[in-house]
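J.: One structure is given below, represented as structure tokens, and several questions about it will come after.
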There are 2 protein chains.
Amino acid sequence: MIGSPITPREKDFATWYQDVVIQGDMAEPAEIVKGCMVIKPNGWGVWERLQRELDDRFKATGHENLYLPLLIPESFLKKEAEHVEGFSPELAVVTVAGGKELEEPYVIRPTSETLVGHFFGKWIQSYRDLPLLINQWANVMRWELRTRMFLRTTEFLWQEGHTAHASHEEALEEVLRMLDVYADVAENVMAMPVIKGVKTSSEKFAGALRSYSIEAMMQNGLALQAGTSHDLGQNFGKAFDVQFQSKEGKLDYVWQTSWGVSTRLIGGLIMTHSDDKGLILPPKVAPRKAVIVPIYRKDEERAQVMETASKIARELGAHLDAREGQTPGAKFFHWERRGVPVVFELGPRDVAAGKIVIKRRDTGTKEPIAQSEAAVTLAETLDLMQRDLFAKAQQRLMSNTVLANSIQEVEEMLADATAEKGGGKFVMAHAKDAPEVDARMKEFKATVRNIPLTDGYDGPGKCIITGENVDRRVVIAKAY
Amino acid sequence: MIGSPITPREKDFATWYQDVVIQGDMAEPAEIVKGCMVIKPNGWGVWERLQRELDDRFKATGHENLYLPLLIPESFLKKEAEHVEGFSPELAVVTVAGGKELEEPYVIRPTSETLVGHFFGKWIQSYRDLPLLINQWANVMRWELRTRMFLRTTEFLWQEGHTAHASHEEALEEVLRMLDVYADVAENVMAMPVIKGVKTSSEKFAGALRSYSIEAMMQNGLALQAGTSHDLGQNFGKAFDVQFQSKEGKLDYVWQTSWGVSTRLIGGLIMTHSDDKGLILPPKVAPRKAVIVPIYRKDEERAQVMETASKIARELGAHLDAREGQTPGAKFFHWERRGVPVVFELGPRDVAAGKIVIKRRDTGTKEPIAQSEAAVTLAETLDLMQRDLFAKAQQRLMSNTVLANSIQEVEEMLADATAEKGGGKFVMAHAKDAPEVDARMKEFKATVRNIPLTDGYDGPGKCIITGENVDRRVVIAKAY
């Protein structure tokens, strides 16, 4: 229930997370629908801001939004062999509609590559129709066994970009362009540093040639895959017969990409910045950036304080917490837990002195400032907080990234790490993109998160499992 | 296929509508998923603008957005007797998930009153929790037999507002407030005049005490219910045991409302304004307000024209159609069909004379203006076009609204009206809110659209069916 204590991170990180989500009015479990949640106003407000930031960037890179149906004929999924194998166990199936058993069942989309394949086949005839760059904002459903709010829910909200190109080279450019967009939003909007890289073949999207990801480190040291961008090659083009006539008059299959981020980002945001007092939101995604809490006892104080508070609230575009029957202390507690970046206090003595007290959520620092400087100080504080949160997360990522030169070392370094107790790390080691490597990591519940696009370490080396030469160190970690 | 001719309205209004939707790149049927459509970029762009206009108004009236699950346990629907009866025939049912038969099936939400009832029961304890004002943007599914793009599709997108109040009076204020918001957006954003009124008991929402609607007239004279706002009374409060402690310490059930508009609005928009050349979009909802088509033959003309065109495009925030291999004629045709409000032409002689030609989509008027005045003229033209479109639609509504004083007259006036041939009217007659009245109208496929909130006619009179006294004339029409 809202108002209950928050479990400290040290005690149990997983319970802390759930407490912060609920106490921050971000979401609550919807026990009546397996693995689903209600996204509450503060959580939805963050999603709206993320949507806007992403959507602006999608449009600036030439994409248009559209909307495809929720349901997919079951037979469609079977057209791409790896795809159906990957998604079959997770499907929710509609067998009855309009009071009748359906001849062919529909599945609720787990993702829309198959529908896109079908429609691309209708829309694309010639090289003049390419590139075709679309995106949709939608809900999807994957019947997961273990769910956690935002991080893994049976229904989730996301965007899925789908593009078709005349050459593999151009498709790959698109894949990396959108990975950059994701990294930009993660780092410069969410203040969450990420590592861009390519997934191993065992970990790629079902039906892709290669998958790229951004990986973030949570406060417990576990990795979170925060976004993916897939080079689909001609796999779906062939499965759905999407051919185009080239400039030279030759028929060829299109080269496709798909890329997505979801409400999972919000889980990453929470586990990157929040503390034992509750939610901390970077200013750029905070639904409310600043709140003013008025302080008064007597009625004559009230009138004076409220007048000044209203004036300042209007000037700053801040929310004035004018609720009656709530103490200032209860109000501070309320906004602190909801992660509002800046809270102002204004009492009778402040009014008399032309001052107001500004308090930062992340550092807890409090400082009286001149009312006339409130707007400038607020802007500076929000800006500084945004940068400080990124720097802090970046520092954590660096200090919890370690090198290892044998599989024993890797295993030891990650042995005690759990979602509950923390202790996770990003272990950088030389490892080959090979099934036996992924299998060996699985033995101690770790995975190769990705092979970084840029090598920040010592270049080539020998794979710690196969002994073969590899290009660079990869990121190994336990993950959500 | 895009590029095919558009059937004239005179010949077959229903086919014209479908042609305009497809040729305007608004949507296309998704035959592979029964009754669904793909909302294409131009259609989605209109929806984005409508969403923004509506959402801003919802927030300004104190509502917060959240998100509830897509699936509802089948048993939930049964908790409100009228509600389940109304929606049962239209449900899509998930019986299998994660590879297993489900113990209790889920239905895909046809609307969310039952889920809201459940969660309101958890969130509301005291009068301090009231009013609770929420909204969600979501997809819903109703398995309809006859579907038409935007107007009636098995899946559609909408917003559903849900609120809980401490008194019936306050709930009713909310119902009417949101009806006003809908009318405001319809008239002042979509340029589509509407009649606000209350539905008869036979036509109300399944589970409501009373339903209110806005009704618009399409170019064929048929009515379109464009938005509804429901006074739910305590029906769902009782079904889901949503009680609150009043200021006086008494327990009572909450008074609820719900209200929604959907992608159906886009169908109304199209049938209000478009013509035989294709789509016409009021400037306020047009994804692209102005396009510049450059005209040149020789290469040296091209450079000059494109330079000036780019400069003006930047100044106006207009889209420059720089596609190669397309004639200017093909470009005009392209944008005309897509309903772009203003198209500019710029040729070598215009460049030399410092002129540019501005063309309005609705009237087809073309006029050379000075390039230096383009920005001002564009703003004025868009503004004028928005007002003219409303005035034209208003004029049509008035001239096709007629009075009748007997059921025979009503029947005669509506006898020949069909969606295909047109000839529809709004017939104003005195009629009682009674099942036998609705039944009599059904005999000639008409309905009482609503009982207007304000009487624009001659006050009380005798019901043309029952002979009883009634307050005012009601709107009778054939409808979508």
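No value in this document is a laboratory result; all are computed from the given coordinates. The model shown is predicted, which means the values in this text are computed figures rather than measured ones. Backbone-built Cβ (ideal geometry, glycine too); neighbour counts: all protein chains shown.
J.: In segment B:248-330, which GluC sites (Glu not before Pro) fall in coil by DSSP and have 16 or fewer other Cβ atoms within 10 Å?
T.: B:GLU248, B:GLU324
J.: Could you let me know the centre-to-centre spacing of segment B:405-480 and segment A:75-119, using Cα atoms, in angstrom?
T.: That distance is 46 Å.
J.: Restricting attention to segment B:185-252, which trypsin sites (Lys or Arg not before Pro) occupy a DSSP loop and are surrounded by at most 15 other Cβ atoms within 10 Å?
T.: B:LYS247, B:LYS250
J.: Related question: Which lysines, if any, have their Cα less than 24 Å from the Cα of A:LYS445, not counting same-chain residues under 8 positions apart?
T.: List returned: A:LYS11, A:LYS196, A:LYS199, A:LYS204, A:LYS421, A:LYS425, A:LYS432, A:LYS462, A:LYS478.
J.: Another one. If you take each beta carbon of peptide B:32-45 and count the beta carbons of other chains within 10 angstrom, what is the mean?
T.: 6
J.: Taking +1 at the Cβ of each Lys and Arg and -1 at the Cβ of each Asp and Glu, which of A:PRO110, A:VAL94, B:ILE195 sits farthest along the dipole of the protein assembly as shown towards its positive end, judged by Cα position relative to the Cα centre?
T.: B:ILE195
J.: Also, quick follow-up: Using a cut-off of 11 Å between beta-carbons, work out the net charge of the residues near A:ASN135 (Lys and Arg +1, Asp and Glu -1, A:ASN135 not included).
T.: After counting each charged neighbour, the total is -1.
J.: Could you pull the Cα extents of chain B along its three principal axes, largest to smallest, in whole Å?
T.: 82, 57, 46
J.: For segment B:104-189, what is the convex hull volume of the alpha-carbon atoms per residue, in Å³?
T.: 133 Å³
J.: In whole Å, how far is the Cα centre of segment B:234-264 from that of segment A:1-71?
T.: With segment B:234-264 and segment A:1-71 each reduced to a Cα centre, they are spaced 26 Å.
J.: Starting from the eigenvalues of the Cα gyration tensor, five times each then square-rooted, give me the equivalent ellipsoid semi-axes of segment B:381-436, largest first, whole Å.
T.: Over the Cα atoms of segment B:381-436, the ellipsoid semi-axes are 30, 14, 10 Å.
J.: Only four residue types carry charge here, +1 at the Cβ of Lys and Arg and -1 at the Cβ of Asp and Glu. Report the dipole size of the protein assembly as shown about the Cα centre in Debye, rounded to the nearest 20.
T.: Computed charge dipole of the protein assembly as shown: roughly 880 debye.
J.: So, one more: Could you give me the ³J(HN,Hα) list for segment B:428-440, computed from phi with Karplus coefficients 6.51, -1.76, 1.60 and θ = phi - 60°, whole Hz, x at Gly and Pro?
T.: 9, 9, 7, 8, 8, 7, 8, x, 5, 5, 4, 5, 5
J.: Sticking with this one: Just need the relative contact order of chain B here, percent rounded to a whole number, with Cα pairs under 8 Å and 6+ apart.
T.: 15 percent
J.: Could you tell me how far the Cα centroid of segment A:382-396 sits from the Cα centroid of segment A:166-186, in Å?
T.: Here the two parts' Cα centres lie 26 Å apart.
J.: If you put +1 on each Lys and Arg Cβ and -1 on each Asp and Glu Cβ, how big is the dipole of segment B:288-383 around its Cα centre, in Debye rounded to 20?
T.: In debye, rounded to 20, segment B:288-383 gives about 300.
J.: Another question, if that's okay. Hey, what D do you get for segment A:264-338 in µm²/s if you plug the Kirkwood alpha-carbon radius into Stokes-Einstein at 37 °C and 0.692 mPa s?
T.: 235 µm²/s
J.: Show log10 I(q)/I(0) for the protein assembly as shown at q = 0.07 Å⁻¹, two decimals, from a solvent-free Debye sum over equal Cα scatterers.
T.: The Cα Debye sum returns log10 ratios of -0.67.
J.: In addition: Along Cα→Cβ at 7 Å, what distances in nm separate the A:GLN51 label point from those on the other copies, shortest first?
T.: 0.4
J.: Counting only Cα atoms, I'd like the Rg/Rh figure for segment B:1-132, Kirkwood definition for Rh.
T.: 1.08
J.: Still on this structure: Could you give the alpha-carbon Rg of segment B:288-383 over 2.2 N^0.38 Å, rounded to two decimals?
T.: Compared with the compact-globule rule of thumb, segment B:288-383 sits at 0.98.
J.: Something else about it: How large is the helix-only mean residue ellipticity at 222 nm for chain A, computed as the sum of -39500 (n - 2.57) over DSSP H runs with n ≥ 4, divided by its residue count, in deg cm²/dmol to the nearest 500?
T.: The helix contribution divided over chain A gives -10500 deg cm²/dmol.
J.: Could you check how many percent of all C-alpha pairs in segment B:401-477 are farther apart than 19 Å?
T.: The answer is 26 percent, as a whole percent.
J.: Work out from phi, with θ = phi - 60° and the Karplus expression 6.51 cos²θ - 1.76 cosθ + 1.60, the ³J(HN,Hα) of each residue of segment A:64-71, listed in order in whole Hz, and give x for Gly and Pro.
T.: Once rounded to whole Hz, the list reads 10, 8, 8, 9, 9, x, 5, 9.
J.: If you don't mind, there's one more thing I want to ask. Stokes-Einstein diffusion coefficient for segment A:13-273 at 20 °C in a medium of 1.002 mPa s, Rh from the Kirkwood formula over Cα pairs: what value in µm²/s?
T.: It diffuses with D of about 112 µm²/s by this estimate.
J.: Stretched out fully, how many nm does the piece from B:GLU101 to B:SER4 gain, at 0.36 nm a residue minus the Cα gap?
T.: Separation in residues times 0.36 nm, less the Cα-Cα distance, equals 30.3 nm.
J.: Taking the Cα of B:VAL357, stepping 7 Å toward and past its beta carbon, and measuring to each backbone N in segment B:324-338: which are under 16 Å?
T.: B:327-336
J.: Now for a different question. With +1 on each Lys and Arg Cβ and -1 on each Asp and Glu Cβ, how big is the dipole of chain B about its Cα centre, in debye rounded to the nearest 20?
T.: 980 debye
J.: Evaluate peptide B:461-472: per residue, the Cβ atoms of other protein chains within 10 Å of its Cβ; return the mean as an integer.
T.: Shielding by partners across B:461-472 averages 0.
J.: Please give the length that would be gained between A:ASN469 and A:GLU409 if that part of the chain were fully extended, namely 0.36 nm times their separation in residues minus their C-alpha to C-alpha distance (nm, one decimal).
T.: Result for the pair: 19.7 nm of gain on full extension.
J.: Can you check what the Kirkwood hydrodynamic radius comes to for segment B:326-480, Cα pairs only, in Å to one decimal?
T.: 19.2 Å
J.: Compare the Cα positions of B:GLY317, B:VAL293, B:ALA352 along the charge dipole of segment B:288-383 (+1 at Cβ of Lys, Arg; -1 at Cβ of Asp, Glu; about the Cα centre) and return the one farthest towards the positive end.
T.: Ranked along the dipole, the leading option is B:VAL293.
J.: With the cut-off at 31 Å, tell me which of the pairs A:LYS289/A:LYS355; A:LYS289/B:LYS250; B:LYS40/B:LYS359 have Cα atoms farther apart than that.
T.: With Cα atoms farther than 31 Å apart: A:LYS289/B:LYS250.
J.: Checking the cross-link filter: which aspartates and glutamates have an alpha carbon closer than 19 Å to that of A:LYS59, excluding same-chain neighbours under 8 positions apart?
T.: A:GLU48, A:ASP129, A:GLU160, A:GLU170, A:GLU173, A:GLU174, A:ASP180, A:ASP184, B:ASP25, B:GLU48, B:ASP321
J.: Right, another one. Would you kindly calculate the mean projected area, averaged across all directions, of the convex hull enclosing the Cα atoms of segment A:1-43, in square nanometres?
T.: If I average the Cα hull's projected area over directions, I get 3.2 nm².
J.: A follow-up question, please. Under the rule of at least 5 residues apart or a separate chain, name every residue whose amide H is placed under 5 Å from the amide H of A:VAL261.
T.: Correct list: A:GLN159.
J.: Treating segment B:162-276 as a set of equal point scatterers at the Cα positions, no solvent, please give the Debye-formula log₁₀ I(q)/I(0) at q = 0.14, 0.22 Å⁻¹.
T.: -0.61, -1.12
J.: Straight-line reach from B:LYS78: which lysines have a Cα under 17 Å away, not including same-chain ones fewer than 8 places off?
T.: Within the straight-line limit of under 17 Å, B:LYS78 reaches these lysines: B:LYS238.
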